[in-house]
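Asker: Dropping a structure here in structure tokens format, bear with me for questions.
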Amino acid sequence: MDVFAIRHGETAWSLSGQHTGTTDIPLTDTGRRVADRLRLVLAKKRFALVLVSPLRRARETCDLAGLGGTAAIDPDLVEWNYGAYEGLTPRQICETAPGWLIFRDGCPGGEAPAQVGARVDRIIARARAVQGDVALFAHGHVLRVLAARWIGLPAGGGQHFLLDTGTLSVLGYYHDIPAVRIWNGSLAV
């Protein structure tokens with residue numbers, strides 16, 4: 001069983017570096033082109049389960065990748081709630097909170113790492129309960145936590161997994177040990 005973790009395509013805020021948690025913005029034209037290229041890769045696979053974040057950018061990516069008709073929306077895949085930091089860049093945040101790191105500090109008025117980790121643990125349990133491959137369409141920070149939790153690290157371990165927009169990652173097993181097969185696989189145009 002493999003878990004295909006797909007980060008949504010480019011948005012205006014991913015280009016500007018703004019934290020985009022619950023703000024529901026669409027893909028850019030480039031983001032749509034990359035998501036459409038995912039169709040070629042994913043068409044070769046059969047998925048026992050397809051889950052998607054309720055946010056537009058993830059649903060649009062899923063649809064363009066050809067799996068929207070079989071996807072179930074799962075609110076546990078929504079991006080990290082950035083609270084007071086929504087829409088801000090890391091530089092802007094560090095002006096008032098020097099040394100801030102989301103994977104350690106969380107967000108005021110938003111989520112702590114352990115809260116995101118609990119959501120991701122439910123996704124992992126749901127994925128491991130099916131026979132066959134799973135596709136997850138979601139967001140950068142939540143998928144980084146997913147990778148960390150998949151291999152047994154705490155949620156803060158997501159800091160070690162950089163993830164670009166419009167990328168495909170695959171989580172699986174080495175013998176019976178959870179492992180990362182592919183990370184941050186680019187389909188850029």
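All of the numbers you see were taken from the coordinates with simple rules; none came from a lab. Bear in mind that the values here come from a model prediction, so they are computed numbers and not experimental data. Cβ sites come from the backbone with ideal geometry, for glycine too, and all protein chains shown count toward neighbours.
Asker: Please work out if THR96 is within 28 Å of ASP133 (Cα to Cα) and of a type in the set (Ser, Thr, Tyr).
Answerer: No: the conditions fail for THR96.
Asker: Given the conditions (1) buried (at least 17 other Cβ atoms within 10 Å of the Cβ); (2) at positive phi, and given that ALA155 satisfies all but one, which numbered condition is not satisfied?
Answerer: Condition not satisfied by ALA155: (2).
Asker: Can you name the number of the only condition in (1) surrounded by fewer than 15 Cβ atoms within 10 Å (Cβ to Cβ); (2) touching a Gly at 6+ places or on another chain (Cβ under 9 Å); (3) free of Cβ contacts under 8 Å to residues at least 24 places away in the same chain that LEU101 fails?
Answerer: In the conditions (1) surrounded by fewer than 15 Cβ atoms within 10 Å (Cβ to Cβ); (2) touching a Gly at 6+ places or on another chain (Cβ under 9 Å); (3) free of Cβ contacts under 8 Å to residues at least 24 places away in the same chain, LEU101 misses (3) alone.
Asker: Turning to a different aspect of this structure: Take the residues in the stretch 125-144 that are free of Cβ contacts under 8 Å to residues at least 60 places away in the same chain and over 19 Å from THR89 (Cβ atoms), then tell me which one is farthest from the chain's Cα centre (by Cα).
Answerer: It comes out as ALA129.
Asker: Select the helices (runs of 4 or more DSSP H) contained entirely in the stretch 1-79, then report the ones holding at least 2 residues which are crowded, with 23+ Cβ neighbours inside 10 Å.
Answerer: Hits in the stretch 1-79: 29-42, 56-64.
Asker: Please go through the stretch 150-171 and give me each residue that is touching a Pro at 6+ places or on another chain (Cβ under 9 Å), assigned to a helix (DSSP H, G or I) and free of Cβ contacts under 8 Å to residues at least 60 places away in the same chain, ordered by number.
Answerer: ALA155, GLY156, GLY158
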